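Let me begin by presenting the structure, written as structure tokens, before commenting on it.
The values are calculated or read from the model by the stated rules, or taken from the named source; none is laboratory data. These numbers were taken from a predicted model, which means no experiment stands behind them. Virtual Cβ from ideal backbone geometry, glycine too; neighbours counted across all protein chains shown. We work out accessible area using only protein heavy atoms, side chains counted, and drop any ligands, DNA or RNA first. Shrake-Rupley method; radii C 1.70, N 1.55, O 1.52, S 1.80 Å.
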Amino acid sequence: GQNIDQPTEMTATEGAIVQINCTYQTSGFNGLFWYQQHAGEAPTFLSYNVLDGLEEKGRFSSFLSRSKGYSYLLLKELQMKDSASYLCAARNDYKLSFGAGTTVTVRA
Amino acid sequence: GAVVSQHPSWVICKSGTSVKIECRSLDFQATTMFWYRQFPKQSLMLMATSNEGSKATYEQGVEKDKFLINHASLTLSTLTVTSAHPEDSSFYICSAEQASGKGDTQYFGPGTRLTVL
């Protein structure tokens, strides 16, 4: 089976940096995804890692270590609109298994 | 690019009726679409995988006779909740998979909130 763990909640100040960690255990792993979900809305795609290392996309970066079963999403220069739930999802074969999500609250 | 629509966005129905939800990939063809269910403050749970022209693959514990899935074309999949009951009230979200150079990525529709009275 799949086991995806991420913190439940994080709070940070506008302009700051926040790192959301995710650990996973899954057979047949072939990719790690991060999605953003605002309350009552569907998830939107943020990033995808399949090889070890850091992928940078504007204010958001994602890192993967396959040997450690570990990923993180880094949010820089936080804005109020970044307040949302961030979902880590590991893919095995063709299916995504989602973590419970990390609710990030950005305060002024 | 990679836009997925879902219709309706919300629906309220009486217990015992059936509800059909449509999922369309608007600007790409998707051989594979997925149906998820999300209860309040919980993560997405995969219900089934829908492949164009073939029968859907259901996850363990999901009743295939209750949740009928049809994937008639490369841009349309439908989920029909048959004989809906209050416990079926949930947020149903579809996704369509788009192949890319880095691997296939799922893009999600806006979701359908179902309330069964």
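Looking only at strands (runs of 3 or more DSSP E) that fall completely inside the range B:1-87, which ones have 3 or more residues that are open to solvent by 50 Å² or more (accessible area, probe 1.4 Å) and without any contact (Cβ under 8 Å) to a residue 40 or more places away in the chain?
B:67-73
Among the residues of the range A:35-48, write down those that are in contact with a Ser or Thr (Cβ under 9 Å, 6 or more places away or on another chain), part of a strand (DSSP E or B) and at the interface with another protein chain (Cβ under 9 Å from one of its Cβ atoms).
A:TYR35, A:GLN37, A:PHE45, A:TYR48
Residues checked against (1) within 14 Å of chain B (Cβ to nearest Cβ); (2) in contact with a Ser or Thr (Cβ under 8 Å, 6 or more places away or on another chain); (3) surrounded by 21 or more Cβ atoms within 10 Å (Cβ to Cβ); (4) not aromatic (Phe, Trp, Tyr):
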{"site": "A:SER62", "(1), (2), (3), (4)": "yes, yes, yes, yes"}
{"site": "A:TYR70", "(1), (2), (3), (4)": "no, yes, no, no"}
{"site": "A:LEU75", "(1), (2), (3), (4)": "no, no, yes, yes"}
{"site": "A:TYR94", "(1), (2), (3), (4)": "yes, yes, no, no"}
{"site": "A:ALA100", "(1), (2), (3), (4)": "yes, yes, no, yes"}
{"site": "A:VAL104", "(1), (2), (3), (4)": "no, yes, yes, yes"}
{"site": "A:ARG107", "(1), (2), (3), (4)": "no, yes, no, yes"}
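Answer yes or no as to whether B:TYR92 is within 14 Å of chain A (Cβ to nearest Cβ) and under 23 Å from A:GLY31 (Cα atoms).
no
Quick check on this structure: which one of A:GLY15, A:GLY69, A:GLY101, A:GLY28 is of a type outside the set (Asp, Glu) and more than 16 Å from A:ASN3 (Cβ to Cβ)?
A:GLY15
Among the listed residues A:SER71, A:SER47, A:SER27, identify the single one that is of a type in the set (Gly, Ala, Ser) and modelled with pLDDT of 95 or more.
A:SER71
Among the residues of the range A:53-62, are any free of Cβ contacts under 8 Å to residues at least 24 places away in the same chain and either under 27 Å from B:THR57 (Cβ atoms) or basic (Lys, Arg) (or both)?
The answer is yes; a qualifying residue exists.
Inside the range A:75-108, can you point out the residues that are farther than 27 Å from B:LEU46 by Cβ and touching a strand residue (DSSP E or B) at 6+ places or on another chain (Cβ under 9 Å)?
A:LYS76, A:LEU78, A:GLN79, A:MET80, A:LYS81, A:THR105, A:VAL106, A:ARG107, A:ALA108
If the Cβ limit is 6 Å and pairs must be 6+ apart or interchain, which residue in the range A:7-36 that is open to solvent by 30 Å² or more (accessible area, probe 1.4 Å) pairs with which residue that is aromatic (Phe, Trp, Tyr)?
From the range A:7-36, the pairs are A:GLN19/A:TYR72; A:ASN21/A:TYR72; A:THR23/A:TYR70.
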